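A quick write-up on the structure given underneath.
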Amino acid sequence: PTDSGAGAPTVDEPYAFETREYLRKKLVGREICYTVDFEIPQSLRLMCTVYLGKDKETGENVIESLLSEGLVELRSQTGARGNDPKYQRLVII
């Protein structure tokens, strides 16, 4: 369990610890770059793709690595996001 900030403990999703450790070992102290994929207007949050390395063309796509390792599940998308080529590439991993 972790602290949600409100004082009440929360339960992590399955593989949360393993995923954090995987990302920590892979990314801390390393150079990354990212692309902004889209913005969620209601929350002003930007959804990005993170790459290990200086260049998105040659860098390792971190979400593809997480999916390949079985550490995350891809959230189902519909409409324009579901037809996006970047999303479709993730579906086949």
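The values are calculated or read from the model by the stated rules, or taken from the named source; none is laboratory data. Please read these numbers as outputs of a predicted model, since none were measured by experiment. Please note: Cβ atoms are built from the backbone with ideal geometry, for glycine as well, and neighbour counts cover all protein chains shown. Protein only, heavy atoms only, side chains kept; ligands, DNA and RNA dropped before computing areas. Shrake-Rupley method; radii C 1.70, N 1.55, O 1.52, S 1.80 Å.
So, in nm, how far is label R75 from label V91 when the simple model puts each one 7 Å beyond its Cα toward the Cβ?
1.7 nm
Residue by residue through the range 55-71, what is 3J(HN,Hα) from phi via Karplus (6.51 cos²θ - 1.76 cosθ + 1.60, θ = phi - 60°)? Round to whole Hz and write x for glycine and proline.
9, 5, 6, 10, x, 7, 6, 5, 5, 4, 5, 4, 5, 4, 7, x, 8
Over the residues of the chain, compute the C-alpha Rg and express it relative to 2.2 N^0.38 Å.
1.23
Roll a 1.4 Å probe over the protein chains and send me the accessible area per residue for the chain in Å².
Working: 7250 Å² over 93 residues.
In whole numbers, the chain has 78 Å² accessible per residue.
Residue by residue through the range 80-93, what is 3J(HN,Hα) from phi via Karplus (6.51 cos²θ - 1.76 cosθ + 1.60, θ = phi - 60°)? Round to whole Hz and write x for glycine and proline.
4, 5, x, 9, 4, x, 5, 5, 4, 5, 5, 4, 7, 6
Once every DSSP H run of n ≥ 4 in the chain is given -39500 (n - 2.57) and the sum is divided by its residues, what mean residue ellipticity at 222 nm do you get, rounded to the nearest 500 deg cm²/dmol? Each step should come with its number before you reach the end.
Values: 4 runs with 32 residues, N = 93.
The helix-only estimate for the chain comes to -9000 deg cm²/dmol at 222 nm.
Using only the Cα atoms of the range 47-87, build the gyration tensor, take square roots of its eigenvalues as a ≥ b ≥ c, and label the shape rounded, prolate or oblate: rounded if a/c is under 1.5, else prolate if a/b is larger than b/c, else oblate.
It comes out oblate by the Cα gyration axes.
If packing is taken as the mean number of other Cβ atoms within 10 Å per residue, what is the order of 33-46, 13-26, highest first?
Details: 33-46: 10.1, 13-26: 12.7.
The packing order, highest mean first, is 13-26, 33-46.
Can you give me the % of accessible surface on the chain that is carbon or sulfur? Probe 1.4 Å, all protein chains present, nothing else counted.
Values: 3850 of 7250 Å².
With neighbouring chains kept in place, the figure for the chain is 53 percent.
Check D37: other-chain or 5+ apart residues with amide H under 5 Å from its amide H, H built from backbone geometry?
M47, C48, T49
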